[in-house]
1. Is it true that some residue in the stretch 67-78 is touching a strand residue (DSSP E or B) at 6+ places or on another chain (Cβ under 9 Å) and of a type in the set (Asp, Glu)?
2. In the stretch 99-116, what residues are in contact with a Lys or Arg (Cβ under 9 Å, 6 or more places away or on another chain) and surrounded by fewer than 17 Cβ atoms within 10 Å (Cβ to Cβ)?
3. In the stretch 93-133, what count of residues is obtained for those that are outside any strand (DSSP E or B) and modelled with pLDDT of 85 or more?
4. Looking at (1) assigned to a loop (DSSP other than H, G, I, E, B); (2) modelled with pLDDT of 80 or more; (3) among the hydrophobic types (A, V, I, L, M, F, W, C), which one does Ala32 not meet, given that it meets all the others?
Amino acid sequence: KDLSVFTFEGDNDGVEVSNTVVEPTGNQKGFAIGFPDVLSSEWKESNNPLISFGRMYKEQPKVVTPALRAILEEGLRTHEEPVENLDRYLQDLDIYFTGIILGGNSGCPLVDKNGKVLGICHGVREKGDETGRFTDFRPILNEVIKGTSRL
């Protein structure tokens, strides 16, 4: 994945991670903040981020039967992977965003209405669909904090 790092003025000492649950067919508001490279040179020289407003949603999570779950868990054990990682592998880590995403937005954060980070941009959903796609890094971050990830 891609990550951009930049500073901006705010009323706290660091980045806060959102605990917002993004609904599959929700109508939740979000903001993408970035420095796309396809705008005018005057804008680029200003060093101001572009803030895009849109709606965010997730797709329905994948359904796994108990028998398939047992097979997948055995596969993880065979490859010496923690079985706890299975739920992360099965879930859709993408958050889709209807706001404007431009070239250069890769790595920018998606934040909730309170300015807390939900995900990191990695482009449009697919060619012909200008919906932005963001990775919900929070499940992975939780594994890293717990020390169960082998990333």
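1. no
2. Gly107, Lys113
3. Residues of the stretch 93-133 outside any strand (DSSP E or B): 93, 98-108, 112-116, 127-128.
After this cut, where a residue has to be modelled with pLDDT of 85 or more as well, the list is 98-99, 108, 112-116.
Of the residues in the stretch 93-133, 8 are outside any strand (DSSP E or B) and modelled with pLDDT of 85 or more.
4. (1)
So that you can scan it fast, the table gives a plain yes or no per residue for (1) surrounded by fewer than 14 Cβ atoms within 10 Å (Cβ to Cβ); (2) among the aromatic types (Phe, Trp, Tyr); (3) modelled with pLDDT of 75 or more:
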residue	(1), (2), (3)
Gly10	yes, no, no
Ser52	no, no, yes
Lys62	yes, no, no
Pro66	yes, no, yes
Thr78	yes, no, yes
Tyr89	yes, yes, no
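The values are calculated or read from the model by the stated rules, or taken from the named source; none is laboratory data. Here the structure is a predicted model, which means the values were calculated and not measured. Because the Cβ atoms are built from the backbone with ideal geometry, glycine has one as well, and the counts that use them run over all protein chains shown.
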